[in-house]
Each structure stands twice: as structure tokens, then as C-alpha cells.
Amino acid sequence: MNTLISILLTILNNIRTDNTTGEIVRQILLSYQDFKNMKASDLAQKSFCNTSTVNRFCKSLGFSSFNDMKAFMVSSRSVRRSQLEHHMEITDAEAILNSISNYNQDFSIERFKDECGRINEMIASAPRTVVIGAVFPEALTFHYQEDMLEMGKCVYNAPLSRKLEVPNEDPEAVIILITFTGRLINYCRSEYTELCSRFRKVILITGNEEIVPESEEGLILHLPFAGDDEASNAVFVEIMRYLKYRYYMEYRK
């Protein structure tokens with residue numbers, strides 16, 4: 001993975017990250033496709049701070065200045081793009097589907113494939129996608145987020161504290177809500193209803209068959225499990241890999 005992007009995603013996922021730092025990181029990710037043309041003053045303006053704050057943030061990551069960080073990010077993109085293309089070309093989609101199916105013989109692979117197709121269509125047409133959920137399952141999507149950024153779609157995570165909420169965002173943004181067991185929605189039902197009233201495009205990733213989308217254009221990606229043990233976590237990584245592979249083949253290749 002691209003170490004810098006991984007670090008930025010990790011910073012953004014930390015509930016202890018202060019608002020200014022979080023906004024700087026978010027604006028970097030939102031501007032990733034055209035970052036070579038961004039100036040420190042541009043980033044400062046978008047992040048509601050000053051250039052000194054931006055440069056201090058860059059130094060905290062080990063760079064001498066904003067321009068030093070920008071040069072690293074721009075120069076590493078061609079390498080990262082080549083890596084992504086190579087990984088996608090050698091991906092065995094059928095092997096992934098078989099591993100998911102083998103985990104749960106009753107799981108409908110055809111339904112799963114259809115859901116992945118409809119979800120990717122939604123993401124492709126949206127300005128950006130925000131991933132929310134409990135910290136650990138959300139962390140399992142970091143590689144997915146990083147590769148989607150490389151494929152031209154800004155996908156980033158928003159940390160949850162005690163409430164189910166999303167930062168100020170474009171109402172046309174896609175929200176991916178991960179809750180393996182469905183407990184997050186059951187415990188935060190009113191917040192979930194409010195979330196769906198703010199965003200029409202809410203994607204649920206869950207193994208709880210009783211949960212239904214409440215948003216106008218909401219979709220569900222059903223999981224072949226409803227627990228959170230290590231075996232399930234490994235299958236979830238494969239599910240996100242298949243979702244990413246489908247996006248690459250249908251929208252980026």
C-alpha cells in the first residue's frame with residue numbers, strides 16, 4: 001500500500017484527531033486526483049486554517065514542508081498505479097467468490113454479485129463516498145479506500161465516537177455503513193433514521209438479514225456471516241477485494 005495514504009486514512013479514523021488536522025487530511029484526499037496543482041495556501045483555505053498550520057502538519061509526517069510532501073505524493077502515484085493495475089490483472093475473481101461461498105454454503109453468490117454491481121454503479125456516479133462503522137471493521141477497508149482513491153473515486157473514512165453520525169458532506173455523497181451484526185443500527189436507531197434523511201444513498205454492509213435500508217436509494221451488501229470473529233474478518237477482506245476488482249474492471253480498465 002501507499003504508506004502516506006495509509007497514514008492519512010489512519011489519522012482520519014482516529015477519534016482523537018483534532019478537527020483542524022482531520023479537515024486537512026480530508027481535503028488532501030478530496031484533492032488527490034489533482035494534488036500536483038494544489039498550493040499550501042489552497043489547502044489552508046479549504047481546511048479553514050493558515051499555511052503555517054499546513055506546513056506543521058506536513059512536518060509531523062516527516063516532510064520538510066508542504067511542497068516536500070506534495071512532491072512525494074505526486075512521484076509515488078505512477079508506481080502505485082502500476083501496482084494497482086498489476087494486482088487487478090492477476091486477481092482471480094472466481095477464486096474469491098469460491099472462498100466466500102465456501103465460508104457459508106447457503107450464501108447466495110448471485111445475489112452478492114448483483115449487489116456489488118449496483119453498489120459500484122452508485123459509487124461511480126457519486127462525488128465521493130464516506131465509510132463509517134466500528135473502528136476495526138472499518139479499518140479492514142483501508143486497502144479498498146486507498147485503491148479506490150487511485151481509481152479516481154474519493155473514498156474515505158469518518159470516525160465514530162458514541163454517535164452514529166457523518167461530518168458535513170455533499171448530500172449526494174454515498175455513505176457506506178458497516179455493521180456486521182446490525183447492533184450499531186439497533187443501538188442508534190434514531191441516528192440511523194436521521195442519517196438516511198440527510199443522505200439518499202446509504203449502503204449497508206451487514207450480515208443481519210432483518211435490517212432493511214431506510215434511505216431513498218439505499219442498498220445492502222449482504223455478508224455470509226453475522227459475527228465478528230477472525231475467520232469472518234478474513235472473509236470480509238475478500239469481499240472488499242471483489243468489490244474493488246469489479247469496480248476496476250467495469251469503470252477503470
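What does the helix-only formula give at 222 nm for the chain: each DSSP H stretch with n ≥ 4 adding -39500 (n - 2.57), the total divided by the residues, and the result rounded to the nearest 500 deg cm²/dmol? Computed mean residue ellipticity for the chain: -16500 deg cm²/dmol.
Over 27 Å apart at the Cα level, from the set LYS59/LYS163; LYS70/LYS113; LYS46/LYS153; LYS201/LYS253; LYS70/LYS163; LYS70/LYS153, are LYS59/LYS163; LYS70/LYS113; LYS70/LYS163. Of ILE123, ILE239, ILE211, the residue with the greatest mean-square motion in the GNM of the chain, using alpha carbon springs below 10 Å, is ILE211. The relative contact order of region 147-242 comes to 23 percent, based on Cα pairs under 8 Å that sit 6 or more residues apart.
Taking a temperature of 37 °C and a viscosity of 0.692 mPa s, what whole-number D in µm²/s does Stokes-Einstein yield for the chain with Rh from Kirkwood over alpha carbon pairs? Don't skip to the end; give the middle numbers.
Numbers: Rh = 18.9 Å.
This corresponds to a translational diffusion coefficient of 173 µm²/s.
Which of GLY227, GLY62, GLY218 ends up with the largest GNM mean-square fluctuation for the chain, with Cα atoms connected below 10 Å? Greatest mean-square fluctuation among the candidates belongs to GLY62.
At 1.002 mPa s and 20 °C, plugging the Kirkwood radius over alpha-carbon pairs of region 3-77 into Stokes-Einstein gives what diffusion coefficient in µm²/s?
Values: Rh = 12.2 Å.
Estimated via Stokes-Einstein, D reaches 176 µm²/s.
Normalised by the number of residues in region 61-164, the average gap of Cα pairs under 8 Å and 6 or more apart makes the relative contact order 24 percent. Tell me, rounded to the nearest percent, the portion of alpha carbon pairs in region 1-143 spaced more than 27 Å apart. Beyond 27 Å sits 36 percent of the P(r) for region 1-143. For region 48-119, the fraction of C-alpha pairs more than 18 angstrom apart is 65%.
Would you report the distance distribution of C-alpha pairs in region 140-223 as whole percents per 10 angstrom bin, up to the bin with the largest distance? Histogramming region 140-223 at 10 Å steps yields 17, 51, 30, 2 percent. Principal semi-axes of the equivalent ellipsoid, √(5λ) from the alpha carbon gyration tensor of region 64-199, are 27, 24, 14 Å from largest down. Would you please give the FRET efficiency between ASP68 and ILE15, computed as 1/(1 + (r/R0)^6) with r the Cβ-Cβ distance and R0 = 25 Å, to the nearest 0.05? Computed FRET efficiency for ASP68 and ILE15: 0.30. Membrane-span-like helices of the chain, defined as complete DSSP H segments with a Cα extent of 18 Å or more along the helix axis and a mean Kyte hydropathy of at least -0.5, are identified as 230-247.
Each value in this text was obtained by applying a stated rule to the coordinates, not by laboratory testing. Here the structure is a predicted model, which is why all the values come from computation and not from measurement. A quick note on method: Cβ atoms are made from the backbone with ideal geometry, for glycine too, and the neighbour counts reach across all protein chains shown.
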